[in-house]
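Below you'll find the structure, written out as structure tokens, and then a few comments.
What follows draws every value from the coordinates through simple rules; no lab data is involved. The model shown is predicted, which means the values in this text are computed figures rather than measured ones. Quick reminder, even Gly has a Cβ in these numbers, built from the backbone with ideal geometry, and neighbours come from all protein chains shown.
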Amino acid sequence: MNRIHFLALILVLSFLGLSIFLYKVIVLGFPMSPDTKSEVWNVEARISFQGKDEPAQVSMFTPQSIHPYIITTEAFVGQDYGVTEKTQGPNRVVQWSTRKAEGIQILYYRGIIRQMKEWETEFRELSHPSIDKEEALQGVLPPLQGTFLQAGIAVLDEVKEESADLESLILSLIARIQDPDKESPASLLRSQYPPQQVLAQLLTLHGSPSRVVHGIELSKEAKIVNTKEWLEVLIEKEWVPYDLEQGKKDIPENYLPWWRGHAPLFQIKGGTELEFRLSASPNQEQAIKAAVARGMVLNPAWLKFSFFSLPIEKQVVYHILILIPVGAFLLVLLRNVVGLKTFGTFMPILIGLAFRETELFWGIFLFSVLIALGLGVRFYFDNLNLLLVPRLASVLIIVVLIMGFLSILSHHLGLVRGLSIALFPMVIVTMTIERMSIVWDERGPGEALQQAFGSLAVASLTYLIMSLKSMDYLFFTFPELLLVLLAMTIALGRYTGYRLLEIRRFKSLLQAG
């Protein structure tokens with residue numbers, strides 16, 4: 001493979017891994033740290049009424065996901081009630097129904113509200129689709145008639161004289177309707193309709209479709225909330241909000257739209273003594289949960305092929321497996337660049353995984369005892385002149401017996417950590433004993449002990465790296481980073497420079513050069 005091909009492969013792997021990583025961080029909002037918190041609001045609507053021993057039906061508007069908020073989890077609670085959802089114009093309606101409502105009836109709506117990011121333009125466009133003016137003019141509000149129509153035309157004529165454009169007309173109209181002057185035409189309209197409905201009717205009469213929005217305030221403290229009203233005016237195919245209380249364009253960011261129009265929030269058939277309570281409480285949750293919930297709305301395909309789509313028990317397995325490549329890269333770095341000597345390629349990684357259960361001190365102690373006892377038996381087998389396969393099988397049997405004996409001894413001595421010796425990979429331990437005995441015979445005990453200490457050092461460093469909560473989170477959440485790790489590993493595959501531990505050995509050559 002030529003150099004250009006080699007470099008291109010490394011660049012493609014790195015670019016692909018980093019591109020997916022950045023998309024998940026920037027677009028889907030996945031946090032970089034497992035301890036990052038995100039604010040959510042738990043919203044609850046409670047409806048209670050007295051049943052009349054007959055069929056009952058309760059309808060209530062429910063909020064919809066619209067920038068900057070998204071409803072990710074909802075629950076509709078009502079004992080012995082059937083629940084249906086439907087769309088009614090711009091609103092979403094839930095309907096509880098039962099064949100017989102007797103006594104006090106209590107129904108609940110619960111939702112979890114999460115805040116979107118400013119840069120999540122995909123969801124902004126989804127929440128604010130382009131609207132045709134002619135369609136919006138149809139059925140927005142019942143038109144004014146008779147005397148009220150004449151009063152409305154008079155108010156509009158007055159406001160037009162004071163306005164230079166549509167925005168100034170809207171603001172002037174809001175001020176005029178809020179004017180307490182009882183002699184003005186606006187007072188006649190206010191005597192028949194709520195101020196926000198008057199504004200919507202007048203603007204629609206002017207040819208600018210408008211609608212009343214009812215919402216709630218998501219504050220920093222838990223409390224019973226009252227609905228608040230504002231106005232939305234269709235301007236250039238987009239609904240623009242206007243704050244009626246402040247008399248200005250736009251509304252506070254912490255306002256959540258609940259429903260639109262002049263219809264009441266809920267309607268009931270077959271019940272009396274209706275009581276309604278709406279509450280909202282802020283809460284802190286792991287930001288990754290919020291990111292996953294947003295991702296299910298913004299781009300569910302990405303999460304469909306992520307570890308988060310797996311059952312919980314399978315996710316636990318991959319929390320461990322995903323760190324093995326990290327240990328493999330660390331091994332490559334320590335062997336090819338630093339110059340540590342180890343027994344085998346994967347033995348230190350698997351021993352490091354076992355240390356996760358035994359902890360570092362007990363892991364090193366138990367592993368050393370196991371290797372020492374096994375090595376002693378292996379030296380004894382040399383006198384029996386066994387063939388390779390029977391010898392390996394015999395060492396494996398001895399390893400299992402030693403592990404069982406140490407577990408039983410630890411149990412009777414009350415050493416709980418000693419029981420975890422069973423987690424060591426027995427086949428790897430067997431091969432390590434075999435390899436160490438061969439090196440001992442061929443190169444001497446010094447070389448054998450050097451490789452043993454190198455293996456323990458790599459296993460210990462692997463354990464320390466894989467025990468980091470941030471490392472586990474990073475690679476489980478962003479497995480595409482393994483592509484970057486692969487690119488770095490391939491790059492190290494052609495490293496032929498001096499190893500750090502060999503610099504002293506070749507110091508004279510370096511100085512001569």
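Computed values, structure above
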| read-out | value |
| --- | --- |
| Estimated vicinal HN-Hα couplings, Hz - segment 204-209 in sequence order (Karplus 6.51, -1.76, 1.60; Gly, Pro = x) | 5, 4, 6, x, 10, x |
| Length added when fully stretched, residue 441-residue 39, from 0.36 nm per residue minus Cα-Cα | 138.3 nm |
| Rounded to whole Hz, the Karplus (6.51, -1.76, 1.60) HN-Hα couplings of segment 469-483, x for glycine and proline | 4, 5, 5, 4, 5, 4, 7, 6, 6, 10, x, 5, 5, 5, 5 |
| Residues whose placed amide H lies under 5 Å from that of residue 30, excluding near-sequence neighbours | 25 |
| At most 12 other Cβ within 10 Å, DSSP loop - trypsin sites (Lys or Arg not before Pro), segment 184-259 | 220, 237 |
| Extension gain, residue 5 back to residue 262 (0.36 nm per residue minus Cα-Cα distance, nm) | 85.8 nm |
| Length released on extending from residue 236 to residue 248, taking residue separation times 0.36 nm less the Cα-Cα span | 2.5 nm |
| Fewest-first sequence of 319, 412, 206 by Cβ atoms within 10 Å of each Cβ | 412, 319, 206 |
| Segment 317-478 shape via C-alpha gyration tensor axes, a/c threshold 1.5 | oblate |
| Cross-link table 24/469; 100/269; 223/249; 52/269; 220/249, entries beyond 18 Å C-alpha to C-alpha | 24/469; 223/249; 220/249 |
| Under the Karplus curve 6.51 cos²θ - 1.76 cosθ + 1.60, θ = phi - 60°, whole-Hz ³J(HN,Hα) for segment 484-496, x wherever Gly or Pro sits | 5, 4, 5, 4, 5, 5, 4, 4, 5, x, 10, 6, 10 |
| Fraction of beta bridges assigned by DSSP in segment 1-118 that are antiparallel (%, nearest 5) | 100 |
